[in-house]
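A quick write-up on the structure given underneath.
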Amino acid sequence: MLYTKMVGRGVLLLAVYLCVAVVSVQSQGSQQDNFILQYLERRLAQIEERLNQCDQHSMSATQKIYELSSEIRGHMSTLNDFRSEIKTQLDSVSTRVERVEREMEYLENKIPSQSDIEMEEALLEQQIRDIEQELKQKARIKVENDCNTALSQIKSLKIVKKVGDTSGSWFKDPSEGSNKVYLMSGIRNNTLLEYASLKSFTGKALTPAAKELQFPFYWQGTGQVVYNGFLYAHKADTPNQILKVDLLNGTVVDSTLLPGAGHIPVYSLNPNTYMDFAVDELGLWVIHADSEYGGNLVMTKLDKASLAVDYTWDTQCKSRDAEGAFIICGTLYVVYNTRYGGRSTVQCLFDIHDTIHSNESPVMFFPKRYTSHSSIHYNPKDKQLYAWDDGYQTIYKVEIQKNEEVSGQ
């Protein structure tokens with residue numbers, strides 16, 4: 001429509017131009033007429049220039065209108081996609097709401113009445129009280145009349161023999177009526193040597209040779225003990241499995257997993273031992289290091305018959321720079337050294353009865369011998385330490401006094 005108007009204006013302009021031309025022909029003689037004609041020509045030229053500009057603006061506007069129309073169509077398509085997506089999401093939300101309504105209705109039917117809840121809470125509280133009472137009973141380990149004593153001095157050493165590997169363990173069965181000596185060489189093996197007595201072990205008497213017992217499994221570390229004719233050991237290739245072995249026939253009669261043990265070595269200077277067993281006047285123990293407790297040592301009292309955990313104590317004694325430990329009357333004594341070997345010292349202790357404290361006890365030195373221990377076992381029967389000292393089987397005599405006297409010192 002705009003283009004038609006512009007064409008009409010062009011025709012009209014042409015007609016006016018022709019009329020002026022005719023008039024100019026007829027009035028050539030007049031100078032005033034020439035001036036008028038020149039004025040009209042300039043005005044026509046200006047009009048023509050404006051018409052051209054108007055034509056260009058018209059074409060530009062038409063192009064912009066076309067582009068805007070295309071953009072609007074694109075937006076309309078996107079809006080249609082959004083509308084479809086929103087509709088799909090609304091349908092999904094509606095389905096979920098229906099499912100939630102059904103589940104809430106199901107739960108409302110399943111939730112017990114207030115009286116049932118009160119009965120269950122009372123039962124739970126009673127169970128908690130029973131468990132607390134049981135733990136308190138387990139914590140009250142009975143102390144014998146001769147078990148109110150503590151270590152006051154490591155008096156002397158006696159090198160008994162040198163046999164086996166650099167690392168190993170040897171000990172006696174502290175049970176009544178047993179004089180047998182046991183030796184386990186190395187840090188991983190399946191063989192135990194049994195001697196009838198200490199004289200038989202040293203070879204100073206005409207006694208039968210050692211009895212060799214081979215097991216269908218391998219033990220790990222140097223923390224094994226024999227108690228009442230049973231071997232208690234850490235099974236190799238397992239993080240924390242404890243085996244109880246009958247030495248009469250070499251068969252495994254029971255086993256258990258000790259919670260929290262087996263993540264890090266019990267002593268940093270004996271990196272192949274992850275659980276160290278001990279026997280004292282109170283029974284069977286396991287010492288291990290807890291990585292979640294800053295690497296501190298943990299004492300666990302075991303039932304020697306069932307291997308059940310009676311109770312566990314977290315101690316403040318560090319496993320770092322420790323080479324061994326032993327327990328006397330429920331008190332843990334930790335032995336420290338250097339990785340280059342040196343004079344061993346007891347620098348930390350933990351008493352489960354809280355009668356003696358580590359910060360009140362002086363550092364106790366082992367007799368001068370600048371080596372290192374791969375195992376140290378206390379025998380509550382003869383009150384001596386049986387140590388594996390750089391391949392030497394060594395006995396330390398100790399002095400034990402009443403707790404009050406040790407605390408006074």
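Structure above, values below:
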{"item": "Where V181 falls short, out of the listed (1) closer than 21 Å to L302 by Cα; (2) over 34 Å from the mean Cα position of the chain (by Cα)", "result": "(1)"}
{"item": "Flag if T238 is surrounded by 15 or more Cβ atoms within 10 Å (Cβ to Cβ), touching a Ser or Thr at 6+ places or on another chain (Cβ under 6 Å) and under 21 Å from T191 (Cβ atoms)", "result": "no"}
{"item": "Single match in Q393, Q401 (criterion: assigned to a strand (DSSP E or B), in the same structural domain as T166 (by TED's automatic domain parsing) and more than 23 Å from N179 (Cα to Cα))", "result": "Q401"}
{"item": "Selected residue [under 30 Å from C348 (Cβ atoms), over 43 Å from the mean Cα position of the chain (by Cα) and at pLDDT 65 or above] from S156, S84, S152", "result": "S156"}
{"item": "Conditions (1) at pLDDT 95 or above; (2) touching a Leu at 6+ places or on another chain (Cβ under 6 Å); (3) surrounded by fewer than 21 Cβ atoms within 10 Å (Cβ to Cβ); number of the one not met by L284", "result": "(3)"}
{"item": "Count of residues meeting criterion [modelled with pLDDT under 70 and not basic (K, R)] in the range 110-127", "result": "10"}
{"item": "Any hit, the range 10-29, residues being out of contact with any His (no Cβ under 9 Å at 6 or more places or on another chain), part of a helix (DSSP H, G or I), at pLDDT 75 or above and loosely packed, with under 10 Cβ neighbours inside 10 Å", "result": "no"}
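Listed here are the residues, each with its yes/no results for (1) closer than 30 Å to G177 by Cα; (2) touching a residue at least 24 places away in the same chain (Cβ under 8 Å); (3) crowded, with 17+ Cβ neighbours inside 10 Å; (4) among the β-branched types (V, I, T).
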| site | (1), (2), (3), (4) |
| --- | --- |
| V298 | no, yes, yes, yes |
| A322 | no, yes, yes, no |
| I327 | yes, yes, yes, yes |
| G330 | yes, yes, yes, no |
| N337 | no, yes, yes, no |
| M364 | no, yes, yes, no |
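The values are calculated or read from the model by the stated rules, or taken from the named source; none is laboratory data. Not measured: the values here are computed from a predicted model. Don't worry about glycine lacking a Cβ; one is built from the backbone with ideal geometry, like all the others, and counts go over all protein chains shown.
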